[in-house]
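Input: a single structure, listed below in structure tokens.
Just so it is clear, none of the values below were taken in a lab; they were calculated from the coordinates. The model shown is predicted, which means the values in this text are computed figures rather than measured ones. Reconstructed Cβ throughout: ideal geometry from the backbone, glycine too, with neighbour counts over all protein chains shown.
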Amino acid sequence: MTTTQRWTPTYEQCARLAETGDTDGALEAYELYLQKHPADGRALNDVGTLLYATGRLEESAVYLQGAATRLADRRPFALWNLAEVYLGSRRPAKALGLFDDLHAAGMLSSDLATRTAKAFVDADEPGGAIEALLACQAALPGQQVLGEFVDAIRAQRPKVAFFCDSGDDKFLADIHPWSRQRFPTQFFRGTTQQEMEQMLQWCDVAWFEWCTPQVILATHLPKTCRMIVRLHRYEAFKPWPAQVRWENVDLLVTIGNRYVDTYLRQTVPDLDERTRVVTIPSAVNLAKWPLVDRTRGKNLACFGYVNMRKNPGLLLQCFARLHAQDPEYRLAIGGQPQDAMLLQYLHAMIQELGLQDAVTLEGWIEDARAWLADKHYLVSASLGEGLPAGVLEGMASGLKPVIHTWPGARDFFPPQWLWRDADAFCRCILEGEFEPHLYHDWAAERYSLRSQLAQIDCVFSEIERGIRADAAGLAEAASPAGPDADAEGSPGPADAAAPADARGFYDEWYRGAPVEEGYLRRLRREKVVAALAALGRDDLHIINLGCGLGHLEPHLLPFGAVTGVDLSIEAVRAAQRHCPAATFVCGDVRTMLLPGGLFDAVVSVEVIEHLEDADQATHLKRACALLTPGGRLVLTTPNRPVIEALDAECRQRDGRPWSDQPIENWLDAGALQGLAENAGFAIERVEAFANEGDHTDLHLLLVARAPDAEAVD
């Protein structure tokens, strides 16, 4: 591709224009400069700073993100600038997301944390405020002002009480202290109904660990607070769930074993009509279970309570088969025996199998981590589990899991670690690689405590919003003006009937809309993900032009850093809630200032058909300009001849068009390819896909490549 030769200023000339206060001239000069030097992090940072100074915060964020990825020694300054942009645009959660990097660079301060917390408070998000302050406290201990601020916010939040009458509170070992940092929190230690009633009247949220008779009693008392019940496994097979008044439970938390959940619903068939059910899996605290870089050895461990459900008889039979093949293997069983007859059987069977020198029953283990230090395999022969925390802890410390296929095990663990008979048990141990880092990383990625606490935080935050909304509703109902009084200055809805006002139309279109994935959206998502996966990279910089509610972004994140742009502020706000890990900005792609040559991939899904002819060409030219040399465009759009046929059917049947969006300017495959080629792309493929009734090839997929650096004159 050739372009008209234009004068390109030097970086120094651009900087001098900025220093003289000629912002417009400087931005124009930097734009020309970046066309030739798209990877210059200094220039990207300068443009971001200029845009911030002029109040163009959305555009500023994109440039500063680019600067942060391309600057080395000056990267912290770009991150600091980016944090200021996020605070200025009232996105404190994004500013909080930079704290770790800023701390590593020595630039995190109590002032930034305090301002971030205040921005959360202004947004009526006290949970975010406390997270910002606690993060800074952990990084910069001794900041008294931060602790005072935390105390002040915490005192205003819902009061939380934890109940656990089973005596087994190990699953609260991390959740309870987490709650104490964020909410006024108590742990119920009483024994009488009167004491329970007093605690339920004190708290706003009651968390019941295990679905036991304690829950039955609490749900039959007059309801005075929100109730959360967490059910693990064994309670589902007891008579207790059928006796609970589930309509008084606000949330039931299960750990995700579908066999347990199925049995629970057989016991309580109308469970989902009576309460809300969510899944939050068990977790492993990686700080308590650090990786030990072990070498392959011959020591097996089984630890936990020793009872019939743990199936130790089968374990002995399988180990005897392994020991016959290699007498150097050893098995240590650690845990409190819960059945005298079973313990007697185990001692006798060890003698019968001739394993006296190979198997030891070591009783209750006080320090499991130390006990496992010289072990290599963690074996489980259980008849049934929920999601075994002990297995996850062993994996985190580098032990190879060897797991009997209890119902649900295949949903949690890959097949190479599962066994169903003695021969498979031996193969799991004797064959395959021994990879402690793999076992640790697998557990860390799926079942980290951080992830679990983030899910619990979402639950508590949702309940907190409900409590505040109820309180506000009562106050509103009691006010003389009555519930219909409008707050002064509150904006009215956008005029959705004005087709020329695209922003207003789409704000109304997206307001309150759920992030859902239907059949066609799923097919489009699969096509986009497959196109990016074919690049074989996880370090891409991706921009999604017309991101809508952010449905696609969680599926793009495995490939790298993701920025979503949309015209609608309602869409951007919803997208930020749906996918906090991505960055979303509001703006018109046709006119907003975006850094050229910065992105490895441009995604555009069902957008180009909503543009007029000239804007369609501009859209593709802009996409090409945004890409690094050789970068990819992945675009989907309706296939014109098929959509026209569907549209005609709709008009004849319903008297309404296929779509009520302001502009429907569909393209066929030839027109789409021609526009992309005119924009400078090399076409890799144009593919039709998706069916609707009798109509096939409903959508088009375009995958195209931007010119390589040497192809640009």
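How big is the dipole moment of the chain about its Cα centre under a simple scheme where the beta carbon of each Lys and Arg is +1, that of each Asp and Glu is -1, and everything else is neutral? Debye, nearest 20, please.
1860
Report relative contact order for the stretch 305-347 in percent, whole number only (criteria: Cα-Cα under 8 Å, sequence separation at least 6).
The normalised contact order for the stretch 305-347 reaches 59 percent.
Convert each backbone phi in the stretch 266-281 into a coupling constant with the Karplus relation 6.51 cos²θ - 1.76 cosθ + 1.60 (shift: θ = phi - 60°), then list the ³J(HN,Hα) values in order as whole Hz, x for Gly and Pro.
Residue by residue, the stretch 266-281 yields 5, 6, 10, x, 9, 4, 5, 7, 9, 7, 8, 10, 10, 10, 10, x Hz.
Take every DSSP beta bridge with both residues inside the chain and express the antiparallel ones as a percent of the total, to the nearest 5.
Antiparallel bridges make up about 20 percent of those DSSP assigns within the chain.
Taking amide H atoms as placed 1.01 Å from N in the peptide plane, list the residues 5 or more away in sequence, or in a different chain, whose amide H sits under 5 Å from that of Leu71.
Sorted by chain and number, the residues that satisfy this come to none at all.
Over the stretch 1-152, calculate the relative contact order: mean separation of alpha carbon pairs under 8 Å at least 6 apart, over the residue count, as a percent.
This gives 13 percent for the stretch 1-152.
Binning at 10 Å from 0, report for the stretch 516-615 what percent of all alpha-carbon pair distances ends up in each bin.
With 10 Å bins starting at 0, P(r) equals 15, 49, 33, 3.
Within the chain, what's the longest stretch lacking chymotrypsin sites (Phe, Trp or Tyr not before Pro) that sit in DSSP loops with no more than 14 other Cβ atoms inside 10 Å?
365-713
Return the equivalent ellipsoid semi-axes of the stretch 35-154 as a descending list in whole Å, where each equals the square root of 5 times an eigenvalue of the C-alpha gyration tensor.
28, 16, 9
Once you charge only the Cβ atoms, +1 for Lys and Arg and -1 for Asp and Glu, what is the size of the charge dipole of the stretch 345-430 about its Cα centre, to the nearest 20 debye?
About 340 debye.
Hey, which of these cross-link pairs are over 24 Å Cα-Cα: Lys170/Lys288; Lys238/Lys288; Lys310/Lys400; Lys94/Lys118?
As for pairs spanning more than 24 Å Cα to Cα, those are Lys238/Lys288.
Which ³J(HN,Hα) values in Hz, rounded to whole numbers, follow from the phi angles of the stretch 145-155 under the Karplus curve 6.51 cos²θ - 1.76 cosθ + 1.60, where θ = phi - 60° and Gly and Pro get x?
4, 5, x, 5, 5, 4, 4, 5, 6, 4, 5
Cut-off under 16 Å on the C-alpha distance; same-chain residues fewer than 8 positions from Lys223 excluded. Which aspartates and glutamates are left, in chain and number order?
List returned: Glu195, Glu197, Asp204, Glu247, Asp250, Asp470.
So, R0 is 22 Å and r is the distance between the beta-carbons of Thr224 and Arg274; what FRET efficiency does that work out to, to 0.05?
0.70
Once the dipole of the stretch 35-154 is set up with Lys and Arg at +1 and Asp and Glu at -1 on Cβ about the Cα centre, which of Leu44, Trp80, Gly55 lies farthest towards its positive end?
Positive-most Cα among the choices belongs to Leu44.
Give me the one-decimal Kirkwood hydrodynamic radius in Å for the stretch 130-272, with the sum taken over alpha-carbon pairs.
16.6
Could you name the lysines whose alpha carbon sits less than 30 Å from that of Lys36, not counting residues in the same chain fewer than 8 places away?
Of all the lysines, those that pass the test against Lys36 - Cα under 30 Å, at least 8 places apart if same chain - are Lys621.
Limiting things to C-alpha atoms, what are the Rg and the maximum Cα-Cα separation (Dmax) for the chain, in angstroms?
Cα radius of gyration and Dmax of the chain are 30.1, 92 Å respectively.
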